[in-house]
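Written out below as structure tokens is the structure these notes cover.
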Amino acid sequence: ILNVEQSPQSLHVQEGDSTNFTCSFPSSNFYALHWYRWETAKSPEALFVMTLNGDEKKKGRISATLNTKEGYSYLYIKGSQPEDSATYLCAFSSDGSARQLTFGSGTQLTVLP
Amino acid sequence: EPEVTQTPSHQVTQMGQEVILRCVPISNHLYFYWYRQILGQKVEFLVSFYNNEISEKSEIFDDQFSVERPDGSNFTLKIRSTKLEDSAMYFCASSERGLSNQPQHFGDGTRLSIL
């Protein structure tokens, strides 16, 4: 059974603060790591797909890094804004089931104005 | 921007009844998926579908479940005889070609409540 863990479970930050959260996943048979942003009552929105060890991706104030050898990815948000409030999900796929995503529980971020 | 659409947004069904959840994937996408999230739990993979066949399925996707692409636009999930534990949010997703660097695009979900 593949286990994907995210920490922290929830996080409150002040507007303007930078923050980061962690996704850990099995380091063997790695295929891809996905990050999604999920606002309440909306669909999960794809942020990044990372496939190579050492990958770094950036989208505006949000960036992510990937370490496949030790099995973790970090998501960073620089200068958090209230509209960044959402649940951030990571999802892992393995070599044998490339399109089957295994999700973590998510990190619920609240940015206080 | 093109999006995945799901209907209905909420379905209430008596235990034992059949239910069909509907999805319209993004038009040029070739791979389709169903996931579910039971309240308070993680999002779980059910099935992937390509070229009119099931590509992968999880242990959850037993004989009670089936998927179909009845025409060129719809993708459906059928649960034959619903159980209380089938109550969950069901998400449809699609991806362009199922390659490793391509995201899966999700719909807003259908909340299924079994009474």
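Filtering the stretch A:35-46 to residues that are in contact with a strand residue (DSSP E or B) (Cβ under 7 Å, 6 or more places away or on another chain) and either surrounded by fewer than 20 Cβ atoms within 10 Å (Cβ to Cβ) or among the basic types (Lys, Arg) (or both) leaves A:Arg37, A:Trp38, A:Glu39, A:Glu45, A:Ala46. Please enumerate the residues belonging to the stretch A:69-101 that are among the polar types (S, T, N, Q) and at pLDDT 95 or above. Across the stretch A:69-101, the qualifying residues are A:Ser73, A:Ser80, A:Gln81, A:Ser85, A:Thr87. Residues in the stretch B:10-40 that are farther than 16 Å from B:Ile114 by Cβ and assigned to a loop (DSSP other than H, G, I, E, B) were compared, and the one that is nearest to the other protein chains (Cβ to nearest Cβ) is B:Gly40. Any idea how many residues of the stretch A:14-26 are in a loop (DSSP other than H, G, I, E, B) and over 16 Å from the mean Cα position of the chain (by Cα)? Residues in the stretch A:14-26 being in a loop (DSSP other than H, G, I, E, B) and over 16 Å from the mean Cα position of the chain (by Cα): 3 in total.
Scanning the stretch B:97-115 for residues that are farther than 19 Å from A:Ser94 by Cα, open to solvent by 10 Å² or more (accessible area, probe 1.4 Å) and more than 9 Å from every other protein chain (Cβ to nearest Cβ) yields B:Arg111, B:Ser113, B:Ile114, B:Leu115. Restricting the search to the stretch B:64-96, which residues are under 29 Å from A:Asp95 (Cβ atoms) and either of a type in the set (Gly, Ala, Ser) or in contact with a His (Cβ under 6 Å, 6 or more places away or on another chain) (or both)? B:Ser66, B:Ala88, B:Ala93, B:Ser94, B:Ser95, B:Glu96 - these are the residues of the stretch B:64-96 that are under 29 Å from A:Asp95 (Cβ atoms) and either of a type in the set (Gly, Ala, Ser) or in contact with a His (Cβ under 6 Å, 6 or more places away or on another chain) (or both). Taken as a whole, the structure places B:Ile54 among residues that are of a type in the set (A, V, I, L, M), over 26 Å from A:Gly106 (Cα atoms), open to solvent by 20 Å² or more (accessible area, probe 1.4 Å) and within 13 Å of chain A (Cβ to nearest Cβ).
Of the residues A:Ser73, A:Ser105, A:Ser80, A:Ser94, the single one that is under 19 Å from B:Ser48 (Cα atoms) and either touching a residue at least 40 places away in the same chain (Cβ under 8 Å) or more than 14 Å from every other protein chain (Cβ to nearest Cβ) (or both) is A:Ser94. Here A:Tyr76 fulfils each of the conditions (1) over 27 Å from B:Tyr31 (Cα atoms); (2) more than 12 Å from the chain's Cα centre (by Cα); (3) open to solvent by 10 Å² or more (accessible area, probe 1.4 Å) apart from (2). Of all residues in the stretch B:57-80, at least one satisfies being closer than 30 Å to A:Leu52 by Cβ and in a strand (DSSP E or B).
To keep it simple, each residue is scored yes or no on (1) surrounded by 17 or more Cβ atoms within 10 Å (Cβ to Cβ); (2) more than 12 Å from chain B (Cβ to nearest Cβ).
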site: A:Gln14; (1), (2): no, yes
site: A:Phe21; (1), (2): yes, yes
site: A:Lys57; (1), (2): no, no
site: A:Leu101; (1), (2): yes, no
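Only one of the numbered conditions (1) within 14 Å of another protein chain (Cβ to nearest Cβ); (2) among the hydrophobic types (A, V, I, L, M, F, W, C); (3) closer than 26 Å to B:Asp108 by Cα is violated by A:Leu52, and that is (3).
Inside the stretch B:6-32, can you point out the residues that are open to solvent by 60 Å² or more (accessible area, probe 1.4 Å) and under 14 Å from the mean Cα position of the chain (by Cα)? If the condition is that a residue be open to solvent by 60 Å² or more (accessible area, probe 1.4 Å) and under 14 Å from the mean Cα position of the chain (by Cα), then B:Thr7, B:Ser9, B:His10, B:Arg22 are the ones that fit.
The values are calculated or read from the model by the stated rules, or taken from the named source; none is laboratory data. Keep in mind that this is a model prediction, so the values were computed, not measured. Note: ideal-geometry Cβ built from the backbone for every residue, glycine included; neighbour counts use all protein chains shown. Calculation scope for accessible area: heavy atoms of the full protein, side chains included, ligands and nucleic acids excluded. Shrake-Rupley method; radii C 1.70, N 1.55, O 1.52, S 1.80 Å.
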